[in-house]
Structures are given as structure tokens and as C-alpha cells.
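The values are calculated or read from the model by the stated rules, or taken from the named source; none is laboratory data. Values in this document were obtained by computation on a predicted structure and should not be read as measured data. When we count neighbours, we look across all protein chains shown, and the Cβ atoms used for this are built from the backbone with ideal geometry, even at glycine.
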């Protein structure tokens, strides 16, 4: 049996999917979820083969939900989102259905998924989907992280500094640090360039957190943050920091 | 440049009448001094006829071309030249037409006085016409500017009110599509509500005031549709007093505010959400408070966008020329938007 999960905050939007899926006798809906938190839980628990995912949902949107999954399943987006925004993900998602959609259109998406399902490179496509989804403007001002089973939404201004940690980035805030599977250059790209500066290969700091800059060894410097953290500044990072601070 | 409204036709008659009066006066002064009536009439007709011709020509020139404010000296010189040419022509013509030697001696003696009078007359005519046409053009420009302002204001109002979110429409259509299979009666009912709601958004009189009762009815249509979409998650509470129901409000003002409240209420929590709408009339104005729950932890970052109320603020400003009619407040996990609608009556 093929396992599917429906994630949409509108009950009627889920019921039409369930109705359309009735003709697919080899697929069973293991759970219906009304938000991304439930979605993460259900996906971790059931490991479905296919999910139907709405984009605009309470608390965290569909893209942010996908980011939180270690092994994301195949996704068919269902959205009233405008078509142009979705075009960007066309290459990566199995398909996207613009609400309202017909049974014929639904069947076409299912056919696409079946072809895709048999191919082995599906996982990579999902990963690149998540990469491009992160470029959504409404995700610039916050980061969604998962620590254990807890999901936390961190507004950008609460980030004190970022630290590279192997394949992850450690996000330091007033109440602890969180790991996010992203690259430093990704954060350097999306964070507000007026507030954040990459002072070192492994560090991005928030300007307003800096209390003073101290010389360190010969030619080196350290940024001392309000929290007391001492962040090394590289040779290339120092002039960048100086120009932003206007000194 | 187009000729100003105050046309020649309207003004030409009083101008001619004035000249005839002036000419008669001059002829009378001449007969009083002992000249023949015929001589007096010829003198007056020639000098004043010419002067009138000059006056009308100057008027026509000024209608299409007016020297700038700083060029009075230039006009003065022109005026002097015109008066000089005039006196030359008058002297030549009168000495051809009249042979009486006493008169010719008088004509010769009176040349400086005549020149001075002509100089003053043409000067005055030029000045009066200059002022008149400038004034006309100014008021014309003012009117055009006012018209343009009004047009752009109307267009802006229209645009502001048209900001119905396509998201709402497509999701509603999707709900209808879903109901069609399982509960066709409800689907039909929802189509009806959506149609009534859309009809309201298509009314294109942005300045139209409707009674609060009508506005609330319209809002109810919208809320009913949203309740079908979100099911049990959304509930609403509307409080008002009977007296307020008759008071006028700009049409379709509340719906975007409520839509905003629903959006931030529902997308900010995963539980059930109650939106309250509280109408009070006080101090000769209507105060409508719309409340939605929010999560201060996560919605902080959204506050920057002004909660999508800037277009409503702009609309209120265009309607009432006041910027203090919309207020937002966030406390105890409740976000309140208060709109004041002045009641001028």
C-alpha cells in the first residue's frame, strides 16, 4: 500500500483531495493534518511516499515545514498561490495544483508522481526544491528550526550570531543555540546586509550585538558581543565590519 | 495655447460702446471750443477710431502672447512707439480731411496733449487686458489642476478598494468545488454568498456611504464564506447598538480590516480563533474595534508590514483628510484595530 498524507488548513480542501484519491485503490491516506506542526509529526511517524501540501498555512508555511524534515517525501503542492511564484519550483516538486483544480488535472499530477516515484533521483529533487523555496521573501525575516521534536520560529532580529558547524549552521540566540542544515553563504545571502555581516569564514554577526572590537594577537581582531561572546574577525572581515560601522 | 473662455464676442460690444461715448465726449469738447460739428466729428472719429483699432489689436495679441512680468520696460517702449505712430497717422489724415486753418493750427498745438492721452490710453488698455487674460489663464490652470487631482484621487480610491485578495477568491472556489461532490446544496448556497459578495466589490462608487447595517450585512456574507472555508476554527462575535445601525460608513471599509484580522489570527495560531467586532457611537463619531488573537512570539517580524492596513489608512485619509482615523494596539495576545468614522451631520 502507498501511504499519503494530506496537509492543508482548510478541511474542504482536504476532503476534495480525499475524494479524488478514492479512485486510486493502491493509495491510502494515513493522516490528514491542518498545519505544518502536525505535518512534521505525521511525516516523521508514518514516513509517507507522497504528501499533498498547501503553501499558506498557520504558523509555518509549507516550504518551512519541508525544511524541518530530515528525509522529505515526494511533494505535490496544492495552492491558491499565484502561478508565477510556483513556476520557480516546477522543476523540483513533483507537481503543483492550483486551486481549484479538476479531477483531470489531479490525475495528471498523479501520473507525473508515479513516473517520478519509480526514478531513483527523487530525493535530490526535493533537496533542491527546499533550496529554492528558501528564496521566498516572507522567509527572509525568520528562521524555523527543530530541536528534537520542538519547532521554534526565530525572528531574524533575535539572532545574535551564526557559527559554521560542519554541514550545519549554529544559530545563537538569547535562549540558546539551534542547528539548521544550511550553509553560511546561504545566510550571508538572505540576511539583511545592513544588520548582519560575515566577519569570518565561520561567523556572521548582528551589528547591533557588537559592544567593542579588540585587537587579538598580531594583526587580528575580536568582536565582543553583548552576550559576552568573543567572535574572531578575519583579515577580510575587518574592513567589511569597519565600513558598515562607519569607522 | 487655446484662447481663453472670455471671448471677443462677449467683450467687444461694451468696448465699442465705451469708445463711442469717449468719441462723443471729444467731439462735444471740440464744438464747445468753437469748431464746426462736422470738423469735430471727423477729428473724433479718426483719432478714436484708430485708437480703438490699436486697442483691439493689442488685446488680440495679448490674448495669445503675454510678455513676462519682468518685461514692463519693453512694453513701455512699445507703447511709446505705438502712440508715436498713431499721432503721425492722425496728423496726416486730419490735415488731408480738414482744410480750416484755425483747426490745423489747433491740431498742431494739441499734438503733445493728444500724444500723451493716446499713450495713456494704449498703456491702460494693454495693462487691463494683460491682467484680465493672466487672471483667466490662472483660473483655467487651477481648474485643470483641480480636475486632474480629483481624477487621480478617484482612481486611487478605486484601486484601494479593489484590493480584494485573489487568495480568498481561489480558496473559496476550491471549497465550493469540494462541496459540489459531497454536499451540493451547501455548494449552491456558498456560490450565492460569493456572488453577492463579489457584486458588492464591483460597485464602483468609492465615496458612497452606506448605513452601518448594510455594511455589517455585507461583512456577514464575507464571514459566512470564511467560516465555510475554515470550519470550526473560526468564530465571530459582532456587537453593536441599534442606534448605530443607521449611521453612514464608507462602503466596503470593514471587510479588508476583518480579512486582515482573520489572516493574522488564523495564520498565527493553530487553534480556534474568535474575531470580535465591536461598534460604538460616541462623541458624534462611530468607533469600530476589530480584535484578533495573535502570538507575540512569532508575529513580531510581521509587524513591520503594518499588518496590511496602510491602504485602509490611505483610503480614510482621502475620504476625510485625517490621518488619525485608524489605530492599532497589541496587548494580552489580542490585536485590536480601531477605525473612527466621523459623523458630520
*Determine whether residue B:223 is touching a strand residue (DSSP E or B) at 6+ places or on another chain (Cβ under 6 Å), more than 23 Å from residue B:282 (Cβ to Cβ), surrounded by 18 or more Cβ atoms within 10 Å (Cβ to Cβ) and at pLDDT 90 or above.*
yes
*Which of the residues that make up segment B:182-211 are surrounded by 21 or more Cβ atoms within 10 Å (Cβ to Cβ) and either touching a strand residue (DSSP E or B) at 6+ places or on another chain (Cβ under 6 Å) or more than 17 Å from residue B:251 (Cβ to Cβ) (or both)?*
B:190, B:194
*Could you grab me the full set of residues in segment A:226-238 that are at negative phi and out of contact with any strand residue (DSSP E or B) (no Cβ under 6 Å at 6 or more places or on another chain)?*
A:227, A:229, A:235, A:236
*In segment B:215-230, what residues are in contact with a helix residue (DSSP H, G or I) (Cβ under 9 Å, 6 or more places away or on another chain) and more than 12 Å from chain A (Cβ to nearest Cβ)?*
B:215, B:216, B:218, B:219, B:221, B:222, B:223, B:224
*Check B:228, B:210 and return the single one that is modelled with pLDDT of 85 or more and assigned to a strand (DSSP E or B).*
B:210
*Just checking, which of A:17, A:53 is modelled with pLDDT of 95 or more and either under 17 Å from residue A:99 (Cβ atoms) or crowded, with 23+ Cβ neighbours inside 10 Å (or both)?*
A:17
*Among the numbered conditions (1) more than 14 Å from every other protein chain (Cβ to nearest Cβ); (2) under 30 Å from residue B:250 (Cβ atoms); (3) modelled with pLDDT of 90 or more, tell me where residue B:146 comes up short.*
(3)
*Mind checking whether some residue in segment B:252-268 is touching a strand residue (DSSP E or B) at 6+ places or on another chain (Cβ under 9 Å), outside any helix (DSSP H, G or I), away from chain A (no Cβ under 14 Å) and at pLDDT below 90?*
yes
*Would you check which residues across segment B:269-285 are touching a strand residue (DSSP E or B) at 6+ places or on another chain (Cβ under 7 Å) and within 15 Å of residue B:238 (Cα to Cα) and list them?*
B:273, B:274, B:275, B:276, B:277, B:278, B:279, B:280
_Search result, residues across segment B:283-327 that are exposed (fewer than 15 other Cβ atoms within 10 Å of the Cβ), within 14 Å of chain A (Cβ to nearest Cβ) and at pLDDT 80 or above_ = none
*Hey, residue A:31 touching a helix residue (DSSP H, G or I) at 6+ places or on another chain (Cβ under 8 Å), more than 12 Å from every other protein chain (Cβ to nearest Cβ) and under 21 Å from residue B:272 (Cα atoms) or not*: yes
*Filter result for residue A:25 (surrounded by fewer than 21 Cβ atoms within 10 Å (Cβ to Cβ), away from chain B (no Cβ under 14 Å), modelled with pLDDT of 90 or more and outside any loop (DSSP other than H, G, I, E, B))*: no
_Selected residue [in a helix (DSSP H, G or I), in contact (Cβ under 8 Å) with a residue 12 or more places away in the chain and under 20 Å from residue B:51 (Cβ atoms)] from B:87, B:117, B:128_ = B:87
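Conditions tested, residue by residue: (1) outside any helix (DSSP H, G or I); (2) crowded, with 16+ Cβ neighbours inside 10 Å; (3) in contact with a strand residue (DSSP E or B) (Cβ under 7 Å, 6 or more places away or on another chain).
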residue: A:169; (1), (2), (3): yes, yes, yes
residue: A:192; (1), (2), (3): yes, no, no
residue: A:204; (1), (2), (3): yes, yes, yes
residue: A:213; (1), (2), (3): yes, yes, yes
residue: A:224; (1), (2), (3): yes, no, yes
residue: A:240; (1), (2), (3): no, no, yes
